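J.: Got a structure for you, written out below as structure tokens; questions coming shortly.
The values are calculated or read from the model by the stated rules, or taken from the named source; none is laboratory data. All values derive from a computational prediction rather than experimental measurement. Reconstructed Cβ throughout: ideal geometry from the backbone, glycine too, with neighbour counts over all protein chains shown.
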Amino acid sequence: MSPVRRGIKSDAAAIAQRVADQLSRDAKIEPLVSDEFSRNEFEWALATSASPVWVEDSNGHIRGHLYGATFDDPLHGRQTWSGPDGYSYESEHALDNLCEWAYHEWREQDSTAHLVWALAGNGTQAWVERGYSIVSVRGALALGEVFDFTWPPGHGVRRGTPADLETALAFDALIDLAQGVPLDSLTDQQREANEADLVEILDDPDCHYYLLEVDKRPAAQCVTFPLPPLRGNFDATIYVGSLAVDPAFRRRGLATKLMHTVMNDAISDDFRYAEVRWHINNDEATSLWSAMGFRPTYVQLRRTLLD
């Protein structure tokens with residue numbers, strides 16, 4: 001008989017303990033990972049989830065669990081995601097058993113791929129050995145003292161408005177290219193979804209769309225917003241994303257200066273940490289974020305479910 005079965009409500013406490021232990025280990029390895037964890041909220045989420053959690057049960061002892069939420073992605077289609085709290089395993093044999101059962105379930109839901117967040121470095125090997133590839137990185141930075149700098153004449157940063165949609169779309173296209181997404185590969189539905197996301201960002205009072213202009217010409221952009229509670233993150237963390245510089249204005253240090261503006265504003269607003277994410281193939285982003293002091297905390301790995 002297979003040791004894997006669907007989880008039930010009475011498993012929640014044991015699974016929560018496994019997650020708490022795993023977060024504690026991760027935080028000892030990487031101090032920018034938070035081990036803050038509400039067991040009650042997690043157990044309630046497991047009990048009310050519409051997606052099943054799989055557990056490896058050895059005579060009443062839970063040796064691992066695997067959970068994934070399946071959603072439709074505008075760019076990649078239907079996929080299944082597992083966060084840092086979505087899995088645990090005492091052995092790689094247990095992981096193999098869990099994946100075998102979960103893959104079958106996810107394929108029946110027409111999911112085409114599984115994506116999982118794992119601790120950068122130490123947490124990736126088991127997934128890579130099972131056919132997963134790293135696709136993106138989460139990096140974190142503890143905010144400290146403000147940056148002392150001044151903008152050259154003719155340079156100014158302002159908050160974007162819905163009237164800046166066309167500019168935002170142009171920068172979004174630059175980001176797609178940097179991440180290896182050819183513009184002619186996007187479907188009309190994907191373009192519409194991207195535009196809807198930008199409209200929401202420009203309208204959302206909690207989002208700050210930074211637009212750097214040089215002699216009144218759009219030169220660079222960046223978007224920030226407060227991160228909601230997220231496993232492995234500290235409270236008071238601001239998310240920084242969509243950083244892009246027009247090719248005509250590159251190699252002038254504008255991205256670094258714009259980030260100094262963003263970080264100073266975050267410190268002024270009492271944020272203690274900043275988080276960024278970048279595509280693994282975006283070499284310029286990898287270099288910039290590392291130079292700014294961001295350290296990888298988690299990486300996202302992907303495996304197709306079509307084989």
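J.: When both residues are 6+ apart or on different chains and their Cβ atoms are under 7 Å apart, which pairs have a first residue that lies in the stretch 89-104 and is on the phi < 0 side of the Ramachandran plot, and a second that is part of a helix (DSSP H, G or I)?
T.: 89/95; 89/98; 92/126; 95/126
J.: Go through the stretch 26-67 and give me each residue that's over 30 Å from residue 272 (Cα atoms) and small (Gly, Ala, Ser).
T.: 47, 49, 50, 51, 58, 60, 64
J.: Right, something else. Can you pull out every residue in the stretch 6-30 that is in contact with a Ser or Thr (Cβ under 7 Å, 6 or more places away or on another chain) and either of a type in the set (Asp, Glu) or over 23 Å from residue 141 (Cα atoms) (or both)? So that I can check it myself, show each step before the final result.
T.: Keep residues of the stretch 6-30 that are in contact with a Ser or Thr (Cβ under 7 Å, 6 or more places away or on another chain), which gives 18-19, 22, 27, 30.
Answer for the stretch 6-30, where residues must be in contact with a Ser or Thr (Cβ under 7 Å, 6 or more places away or on another chain) and either of a type in the set (Asp, Glu) or over 23 Å from residue 141 (Cα atoms) (or both): 18, 19, 30.
J.: Let me ask you something else. Answer yes or no: is there a residue in the stretch 88-98 that is under 24 Å from the mean Cα position of the chain (by Cα), under 30 Å from residue 181 (Cβ atoms) and outside the structural domain of residue 196 (by TED's automatic domain parsing).
T.: no
J.: I would also like to ask the following. Quick one: which of 123, 144 is surrounded by 15 or more Cβ atoms within 10 Å (Cβ to Cβ), modelled with pLDDT under 95 and under 26 Å from residue 32 (Cβ atoms)?
T.: Numbers: 144 fails: surrounded by 15 or more Cβ atoms within 10 Å (Cβ to Cβ).
The unique qualifying residue is 123.
J.: Of all the residues that make up the stretch 207-229, how many are touching a Ser or Thr at 6+ places or on another chain (Cβ under 8 Å) and more than 19 Å from residue 265 (Cβ to Cβ)?
T.: The number of residues fulfilling the criteria is 1.
J.: Give, as residue ranges, the strands (runs of 3 or more DSSP E) completely inside the stretch 5-77 that count at least 3 residues that are surrounded by fewer than 19 Cβ atoms within 10 Å (Cβ to Cβ). Full working, then the answer.
T.: Numbers: elements: 53-58, 61-67, 69-73.
Per the criteria, 69-73.
J.: Same structure again: Tally up the residues in the stretch 63-88 that are free of Cβ contacts under 8 Å to residues at least 24 places away in the same chain and charged (D, E, K, R), please.
T.: Matching residues across the stretch 63-88 total 2.
J.: So residue 263 ticks every box in (1) within 26 Å of residue 24 (Cα to Cα); (2) in contact (Cβ under 8 Å) with a residue 24 or more places away in the chain but one. Which box is left unticked?
T.: (1)
J.: Do the conditions hold for residue 130, that is, is it in a loop (DSSP other than H, G, I, E, B) and in contact (Cβ under 8 Å) with a residue 12 or more places away in the chain? Walk me through how you get there before you give the answer.
T.: Numbers: in a loop (DSSP other than H, G, I, E, B): yes; in contact (Cβ under 8 Å) with a residue 12 or more places away in the chain: yes.
Judged against the criteria, residue 130 is a match.
J.: Sticking with this structure for a sec: So, residue 111, is that one assigned by TED's automatic domain parsing to the domain that holds residue 61, assigned to a loop (DSSP other than H, G, I, E, B) and either within 17 Å of residue 18 (Cα to Cα) or modelled with pLDDT of 95 or more (or both) or not? Steps first, answer last, please.
T.: Details: assigned by TED's automatic domain parsing to the domain that holds residue 61: yes; assigned to a loop (DSSP other than H, G, I, E, B): yes; either within 17 Å of residue 18 (Cα to Cα) or modelled with pLDDT of 95 or more (or both): yes.
When the stated conditions are applied, residue 111 passes them.
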